[in-house]
1. Suppose we keep only residues that are surrounded by 18 or more Cβ atoms within 10 Å (Cβ to Cβ) and over 12 Å from the mean Cα position of the chain (by Cα) within the range 100-113. Which one would you say is modelled with the highest pLDDT?
2. Which residues, taken from the range 157-172, are buried (at least 20 other Cβ atoms within 10 Å of the Cβ) and out of contact with any helix residue (DSSP H, G or I) (no Cβ under 7 Å at 6 or more places or on another chain)?
3. For residues that are under 22 Å from residue 21 (Cα atoms) and not in a loop (DSSP other than H, G, I, E, B), tally how many sit in the range 35-55.
4. Is it the case that residue 25 is outside any strand (DSSP E or B), loosely packed, with under 13 Cβ neighbours inside 10 Å and either without any contact (Cβ under 8 Å) to a residue 40 or more places away in the chain or in contact with a helix residue (DSSP H, G or I) (Cβ under 7 Å, 6 or more places away or on another chain) (or both)?
5. For residue 90, which of the numbered conditions (1) more than 18 Å from residue 27 (Cα to Cα); (2) touching a strand residue (DSSP E or B) at 6+ places or on another chain (Cβ under 6 Å) fails to hold?
6. How about the range 121-141: which of its residues are in contact (Cβ under 8 Å) with a residue 40 or more places away in the chain and either more than 18 Å from residue 96 (Cβ to Cβ) or in a helix (DSSP H, G or I) (or both)?
7. Would the range 56-67 turn up any residue that is outside any helix (DSSP H, G or I) and crowded, with 16+ Cβ neighbours inside 10 Å?
8. Looking only at the range 114-134, decide whether some residue is surrounded by 12 or more Cβ atoms within 10 Å (Cβ to Cβ), within 14 Å of residue 19 (Cβ to Cβ) and in contact with a strand residue (DSSP E or B) (Cβ under 8 Å, 6 or more places away or on another chain).
């Protein structure tokens, strides 16, 4: 199973559009897919104690555990992935061990292109994830007023999906 996570809590999220584009490509490949949208799948804040037992956290942990690859789409706030993405990792912890991870980020400007690295380092060092170095980074210019994604970004999403799934298949 392939898991795609949209970590944005904004109902008009551009990073969610990236996640949805990845879902479309994965479905066309005939893969089993689950979509975890943190806007509608409300997770408790990680408190290091009782939050792990909450049903929403348990469901997220199960999906991460079952996934052979995880695609994480996140907005960038203050030069980092959003807090909801980090909260997901904190709540699901060891379920990430050994996962192949592809990242897609939507930011306000070009200056945050390294924003994936903090989370990527944590996933690699704490959970031995294989984080695909070809992550998709976009800014507002990649989206039209109708929320359409620039075709060049769609090509990069295709490349990320293909490379992530190729590596996930190889390590199984």
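1. Per the stated criteria, the residue is 107.
2. Residues satisfying the conditions are 160, 164, 165, 168.
3. Total meeting the criteria: 3.
4. In short, no.
5. Tallying (1) more than 18 Å from residue 27 (Cα to Cα); (2) touching a strand residue (DSSP E or B) at 6+ places or on another chain (Cβ under 6 Å), residue 90 fails exactly one: (2).
6. 136, 138, 140
7. Yes, the conditions are met somewhere in the range 56-67.
8. no
The values are calculated or read from the model by the stated rules, or taken from the named source; none is laboratory data. Just so you know, these numbers come straight off a predicted model, no measurement behind them. Cβ: placed from backbone, ideal geometry, glycine included. Neighbour counts: every protein chain shown.
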